[in-house]
Amino acid sequence: MTGSADTRSSKVPQVTLVFWIVKIAATTLGETGGDALSMTFDLGYALSTAIFFVFFAVSAAAQIRARSFHPFLYWAVIVATTTMGTTMADFADRSLGIGYVGGSLILFALVLLVLGVWWRVEGSVSVDAIASPRAEAFYWLTILFSNTLGTALGDFLADSGPGYEGGALVFAGLLAVVWALYAFTDLSHTLLFWAAFILTRPLGATVGDLLTKPTGDGGLDLGRVISSAVIAVFIIACILILPQRAGGHPGGARRA
């Protein structure tokens with residue numbers, strides 16, 4: 001993969017098929033894990049969000065301070081953003097009564113705001129050009145809000161008619177469209193990367209709900225704690241068996 005960033009000092013993994021598999025699994029774990037803490041253990045959305053915020057703050061700080069790519073640390077931060085994103089979105093949509101549409105619009109505005117400030121400060125939002133702690137902080141803040149947005153979008157679509165299985169198929173189809181645009185058009189790879197990154201979150205959210213919701217609600221009722229444990233083991237196995245190397249993300253070059 002070509003790009004402007006020096007991959008020898010990169011702290012993010014190359015974007016390959018393995019990257020997207022682990023990313024979807026991490027977003028699914030975010031849904032089942034977030035729901036397990038807030039619902040199964042009955043801690044509520046606010047307290048669960050506070051707990052996951054501590055997890056996110058500690059892991060993100062360690063990631064930013066690190067001098068090289070550490071797969072387990074990187075994916076720990078991703079999981080932190082997905083679990084916190086789940087409880088934060090649920091708190092806004094349900095506890096505050098904002099609703100799925102209102103929550104999605106607010107979160108979409110926050111994603112655009114962070115990207116806008118990032119571009120204003122750094123001159124680029126390409127994830128192929130992350131070369132400073134400040135740029136990496138913008139990177140993780142964008143990921144946090146994008147994963148929270150994805151939770152709201154997944155819940156909105158699933159509750160609007162298609163259900164969990166139908167919602168998962170819709171988002172999988174949208175991801176296929178993004179891939180086709182990436183492969184066969186000259187659209188910005190930075191734009192398409194963030195589009196795919198956001199869409200994997202509602203895909204994981206709907207898959208997570210499909211696994212854990214009661215059968216009467218269209219789910220498989222496999223249990224949040226058990227599902228979370230199985231998905232976590234799968235992610236760990238992927239990291240161990242299919243090692244990822246540090247590298248750039250799409251965006252720095254016309255073709256990856």
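When you restrict to C-alpha pairs under 8 Å that are six or more residues apart and normalise by the size of the chain, the relative contact order lands at 35 percent. Think of it as helices only: each DSSP H run of n ≥ 4 in the chain is worth -39500 (n - 2.57), and spread over all residues that comes to -24000 deg cm²/dmol at 222 nm.
When each of the peptides 160-168, 116-124, 140-148, 19-27 is scored by the mean number of other C-beta atoms lying within 10 Å of its residues, the order from highest to lowest reads 140-148, 19-27, 160-168, 116-124. Here the gap between Leu220 and Ser68, fully extended at 0.36 nm per residue and compared with their Cα-Cα distance, gives a gain of 50.7 nm.
Computed on the Cα atoms alone, the convex hull of segment 7-241 gives a volume of 122 cubic angstrom per residue. Across segment 24-41, the residues whose backbone nitrogen lies under 20 Å from the label position 7 Å along the beta-carbon direction of Ala57 are 34, 38.
Quick one: check the C-alpha center-to-center distance for segment 136-158 versus segment 186-230, whole angstrom. Spelled out, the Cα-based centre of one part sits 12 Å from the other. Pick from Asp93, Asp186, Asp221: which residue has the top mean-square fluctuation in a GNM of the chain where Cα pairs under 10 Å get a spring? Of Asp93, Asp186, Asp221, the most mobile in the Gaussian network model is Asp186. Angle, helix 17-35 long axis vs. longest principal axis of the chain, Cα atoms, 0 to 90°, nearest 10? For helix 17-35, the angle is close to 40 degrees.
Please work out, to two decimal places, the log10 of the ratio I(q)/I(0) at q = 0.19, 0.20, 0.33 Å⁻¹ from a Debye calculation in which every Cα of segment 42-91 carries one identical scatterer. The Debye formula, applied to the Cα set alone, gives -0.58, -0.62, -1.16.
Look at Phe72, Phe55, Phe91 and count the other Cβ atoms within 10 Å of each Cβ; fewest to most, that gives Phe72, Phe55, Phe91.
In terms of Cα atoms, the Rg and Dmax of segment 100-142 work out to 11.5, 36 Å.
Working from Cα pairs under 8 Å separated by at least six residues, relative contact order for segment 75-227 is 23 percent.
With neighbour counts taken as other beta-carbon atoms within 10 Å, the residues Thr28, Thr215 rank, fewest first, as Thr215, Thr28. In terms of surrounding Cβ atoms within a 10 Å radius of their Cβ, Ile106, Ile130 rank from fewest to most as Ile106, Ile130.
Any read-out appearing in this document is the output of simple, stated calculations on the displayed coordinates, not a laboratory observation. All of these numbers come straight from a predicted model, not from anything done at the bench. Using ideal geometry, Cβ is built from the backbone for each residue, glycine included, and neighbour counts are taken over all protein chains shown.
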